[in-house]
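> Supplied in structure tokens, the structure appears directly below.
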Amino acid sequence: TSALLEANNLVRVYQVRRGLFGTPTPVRAVNGVSIKLMPGETLGIVGESGSGKSTLGRMLLGIDPPQSGEVKFEGKPMAAPGTAGWRALRARMQFVYQDPLAALDRRLTIATQIGEPLDIHKLIPKEHRAARVEELMSAVGLRRDQADRFPHELSGGQRQRAVIARALASRPRLLVCDEPVSALDVSIQAQVVNMLRDLQEQNRIAMIFISHDLKVVRNIADRVAVMYLGQIVEEASSDVIFQSPRHPYTEALVSSVPVPGKILEGRRILQGEPPNPANRPSGCAFHPRCPLASDICRTSAPDLRSIGGGRTAACHLVPGETAPVAA
Ligand code: ATP
Ligand code: SF4
Ligand code: MG
């Protein structure tokens, strides 16, 4: 099978002004990211605040076009935002982000909003609309009597369920979820994540799941890409990333997640300042915080390369695959 979504070498630079009269300086929010997503697959994207996750998510959906690089959806170059081609694609790619209250219109009932994509994309005859909305509500665990409620009459978790129901209405093939549970109570995060995973599996929807929280991603992702200062520094299947992280940054992230029943040996704590893309370190961008940094790390940036077993890493200490990769 061929990839549903493919991105090559995406770059996004923002001009950021420091203070009212400061001169604009370029900030590389995303600095050469490539990804590949197969139909039905879930790719988790993790990294600290400011690592470029949301910027990447918007580029993958064509909302924010890259300054260089290319996104292909279903094998075709992504249409430019606002064009008819892009509007046609929108039914097949949906975005769920952190704040459901901002995503919903407070003057409209839940049922009206869940059915919106059906109207916009003229997906079903009017007489079937109510039944489809009911089906969507039940799929996300909302009760029938909540249909006529307004967003502020629901809990945060219920609102996010409504947003997810609306995203599913057009039967998308791709869902990009940007911190979909971060604003929710910890006690209901797992419920919503499990629900997303079930719906995604049942409907064979591919998903990009963005989170700063590795615990959350572990539950849902087939593969995980770890971002640091606008770049992917390691990518592997979810189990492998957790069991044997290779990049020192991933090791630090993984060791900060408590695993029940597992004693933390050689735990690595992240030291130093959180990354700031306006002030990018030379060489390996992680070097000021890396316990293993040596001279070469300060001057030369490691490439992201295949390290065997279907995984990639960007670190001078992690040997690349010696055997040639068959095309
Ligand atoms: P978070 O976990 O906090 O959501 P993130 O990984 O999603 O972070 P982004 O929102 O993609 O990070 O931001 C990456 C960098 O780009 C940050 O330094 C941010 O300040 C900058 N940035 C993002 N959007 C803009 C914008 N519209 N204008 C200027 N700078 C921006
Ligand atoms: Fe650490 Fe050097 Fe590897 Fe960067 S390249 S992660 S600084 S060891
Ligand atoms: Mg973000």
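The values are calculated or read from the model by the stated rules, or taken from the named source; none is laboratory data. Computed from a predicted model, the values in this text were never measured in an experiment. Cβ: placed from backbone, ideal geometry, glycine included. Neighbour counts: every protein chain shown. Areas reflect the complete protein model, heavy atoms only, side chains present, ligands, DNA and RNA absent. Shrake-Rupley method; radii C 1.70, N 1.55, O 1.52, S 1.80 Å.
> Find me the longest stretch of the chain that has none of the exposed GluC sites (Glu not before Pro), where exposed means in a DSSP loop (not H, G, I, E or B) with at most 13 other Cβ atoms within 10 Å.
Here the longest segment lacking exposed loop sites spans 1-264.
> Computed on alpha carbon atoms, what radius of gyration and Dmax characterise the chain, expressed in Å?
Over the chain's Cα set, Rg and Dmax evaluate to 20.9, 69 Å.
> Still on this structure: Roughly what percent of Cα-Cα pairs across the range 36-118 reach past 22 Å?
38 percent
> Relative contact order of the chain: what whole-number percent is it, with Cα pairs under 8 angstrom and at least 6 residues apart?
About 19 percent, as a whole number.
> Give, rounded to the nearest 20 debye, the magnitude of the charge dipole that the chain has about its Cα centre when Lys and Arg contribute +1 at Cβ and Asp and Glu contribute -1 at Cβ.
About 520 debye.
> Here's a follow-up. Accessible area per residue, 1.4 Å probe, Å², for the range 159-286: what's the number?
43 Å²
> Taking only Cα atoms, what is the 0 to 90° angle, nearest 10, from helix 156-168's long axis to the longest principal axis of the chain?
80 degrees
> Among all stretches of the chain without exposed trypsin sites (Lys or Arg not before Pro) (DSSP loop, at most 14 other Cβ atoms within 10 Å), which one is longest?
Longest site-free region, per DSSP loop and neighbour criteria: 19-105.
> If you roll a 1.4 Å probe over the chain with all protein chains in place, what percent of the accessible area is carbon or sulfur?
Carbon with sulfur: 52 percent of the solvent-accessible area.
> Right, another one. Just check the range 1-84 against the gyration tensor rule for me: Cα atoms, a ≥ b ≥ c as the square roots of the eigenvalues, rounded for a/c under 1.5, and otherwise prolate or oblate depending on whether a/b exceeds b/c.
prolate
> Additional query: With n ≥ 4 as the cut-off for DSSP H runs, can you work out [θ] at 222 nm for the chain, using -39500 (n - 2.57) per run divided by the number of residues, rounded to the nearest 500?
That calculation yields -8000 deg cm²/dmol at 222 nm.
> Further, regarding this structure: Would you kindly find the accessible area of Tyr14, with a 1.4 Å probe and non-protein molecules such as ligands, DNA and RNA excluded, rounding to the nearest 10 Å²?
Its accessible surface works out to 70 Å², give or take rounding.
> For the chain, with the dipole built from +1 on Lys and Arg beta-carbon atoms and -1 on Asp and Glu ones, taken about the Cα centre, which of Gln98, Ile110, Pro245 lies farthest toward the positive end?
Of the options given, the answer is Ile110.
> Next up: Taking only protein heavy atoms and a 1.4 Å probe, what accessible area per residue, in Å², does the range 1-157 have with all protein chains in place?
On a per-residue basis, the range 1-157 sits at 51 Å².
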